[in-house]
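All remarks here apply to the structure that follows.
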Amino acid sequence: MKNFYNFILNLLPPKNEIKKAISHFSKREYFVFLSLVVVFIISTLMILENLNKSFMVSVAMKGGSISEGIVGTPRFINPILASSIADQDLVSLIYSGLMRKSPDGSLVPDLALKYEVSEDNLIYTFTLKDNLYFHDEKSISSDDIIFTINKIKDPIIKSPKKGSWEGVSVEKIDEKTIKFTLKQPYASFLENTTLGIMPSHLWDASPLELNEANTQPIGSGPYKVSKVSKQSTGIIDYYDLVSFKEFNLNEPYIKNMTLHFYPNEEDQISALIKGEVDQISSITPANAKILEEKGYRIESLTLPRIFGLFFNQNQNQIFTDKNIIKAIDLVINKDNIVKDVLLEYGVVINDPIPPNMIDYQTLSNEDTTTYQEKIKKAEDILNKDGWKKDDNGFLHKTIIEKNKKKTIDLEFSISTGNAPELSKSAELIKENLEKIGMKITIKTFEIGNLNQSVIRPRRYDALLFGQIINHESDLFAFWHSSQRKDPGLNVAMYTNARVDKILEDAFITINEQSRVKKYAQFEDEIKKDIPAVFIYSPNFIYIVSKDLEGFSKNHIITPSDRFLNSYLWYTKTDNVWKIFSEYQL
């Protein structure tokens, strides 16, 4: 720019000639000349400024900070035992895996330089990148990968990830090469390798559950712990994290990230309003609406979670009658539940596979039947099936059993958790079903008690609950007949030999198009048998700082996935010429 100005000056006459010419001006000519000079200078500067701007772009700059509020208390900040939201959030920021999920849902190498797959899809060989380090500056080797995997597989530790590594053996080839051998092809095996790798030199010295590294974690992820603040009771208040300069996908833009922990959602929201934190996540729709009205930035995305009524035929024989379940499906006003309970932070579903998980679902036709038409259709189905209303308006039916007439009532109980969305949904479902004469009892339980005393022993007529489906392969756990008994997750007690075969084949089918066809067949079978009524998928709700850029909400499966591209977040920008933008970090 300086050279440009010198070029302009060289075009002008010498200074003494300008002075000589001006000395012959009249007073009026002098002021006209001066005005033209001022206009010329201003115009030139404006042209130069606009020209300069045309070559400028805004780029992310390093620096800045973000603070976030989380409900819960960290306890096991390691990839093997992390189960709470607080633990998983910290693991996502502090640890790196061989592979990493990218914002578009694909998998990209993280610690891995490359990987090779055998023709039979049974052997995966990974090669590590050069110069990989943990936060304590110790080098990462294949020994750390093998240590982490073997600890997950250890039956004594009881890692929640153990099932994903069943039938997988791991072998060290050399310091930078690891080989995984599978007993059978596994379509989602690569997703397993996003598991955070732990430094064996820190964890091998003491039992996993007692190791100080559970609350003083050291990984190789984008952020490392710089400070831990604890109360006198030992409860953790917050973690100060600082960007890790040696992070192999480049040092994060945001330098400091602080995670504050609160006992409940009310305290978390209060901290946001007071300005103690910039962001909070996983809040209820009711609170999200309040914050939205206050002008906070809301980011939300439909989660791969299926909420519905799952019927237990072993507990209540009326569910062997498909006509009853068809009527239930028609009468439940799903739109109202999404509107009145989720406050539009969710979508209506009619299938066992989460929306947008598999491409073919986008081709399904929209149902244009009105709710009143659905009620009429349900009443016609039940009436044709022999159900009549008694004096109290409830449905009953006379059947012949062992050569004797017997009257049965159309009644059942709905068991669910005491979470606001579940209990409110149950009440609306009861209102809907009682309009056509079904007698419904709602049984509400604490979530822990629901799991232990109701779901595990299968003591329920109908269960209003949700399934978290991280990958299509998870459908095996929810619908294969081998999973009907605890600890299996087939809460509909569903049995269908054809579905079993489809799920078994899909589980080992690597080709995506072939796998999608099999899950389409699975869905068709479920629609025929109607073992459950699918109601809604909720949204993940995130209150985000208005200054935050680079955040991607696509393909969030679990809340901690919001941090997958945290190293690309930024709050500071600068303007540089386009030709230099590719060199900015």
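Tabulated results
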{"quantity": "Over 22 Å between alpha carbons, listed pairs 485/518; 289/546; 114/153; 439/528; 158/227", "calculated": "485/518; 114/153; 439/528; 158/227"}
{"quantity": "Residue order, fewest to most surrounding Cβ atoms within 10 angstrom, among 387, 165, 479", "calculated": "165, 387, 479"}
{"quantity": "Charge sum, other residues only, whose C-beta stays under 13 Å from residue 173's C-beta, Lys/Arg counted +1 and Asp/Glu -1", "calculated": "-2"}
{"quantity": "Label assignment, volume of the Cα convex hull per residue in Å³ derived from the structure, set [x] 136; [y] 213; [z] 249", "calculated": "[z]"}
{"quantity": "9 Å beta-carbon shell around residue 260, net charge (K/R +1, D/E -1)", "calculated": "-3"}
{"quantity": "Degrees, to the nearest 10: 497-508 long Cα axis against longest axis of the chain", "calculated": "30 degrees"}
{"quantity": "Cβ-based exposure ranking for 42, 510, in which fewest neighbours within 10 Å come first", "calculated": "42, 510"}
{"quantity": "Space enclosed by the convex hull of the alpha-carbon atoms of region 305-539, per residue, Å³", "calculated": "135 Å³"}
{"quantity": "Mean ellipticity per residue at 222 nm, deg cm²/dmol - from DSSP H runs of n ≥ 4 across the chain, formula -39500 (n - 2.57)", "calculated": "-9000 deg cm²/dmol"}
{"quantity": "Mean-position separation - Cα centroids, region 539-553 and region 118-134, in angstrom", "calculated": "33 Å"}
{"quantity": "Crossing angle, helix 322-331 versus the chain [Cα axis fit, 0-90 degrees, rounded to tens]", "calculated": "40 degrees"}
{"quantity": "Exposure proxy ranking, count of Cβ atoms within 10 Å, fewest first, for 331, 347", "calculated": "347, 331"}
{"quantity": "Centre separation in Å (Cα based) which lies between region 455-534 and region 250-295", "calculated": "36 Å"}
{"quantity": "Relative contact order (percent, whole number), the chain, Cα cutoff 8 Å, 6+ residue spacing", "calculated": "21 percent"}
{"quantity": "Residues of type aspartates and glutamates that residue 224 reaches as a straight line, Cα spacing below 15 Å, ignoring anything fewer than 8 places off in the same chain", "calculated": "87, 89, 136, 137, 240, 246, 251"}
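Throughout, read-outs are computed from the coordinates displayed, never taken from laboratory work. In this text, all values refer to a predicted model and were calculated from it rather than measured experimentally. With ideal geometry, Cβ positions are generated from the backbone for all residues, glycine too; neighbour counts draw on all protein chains shown.
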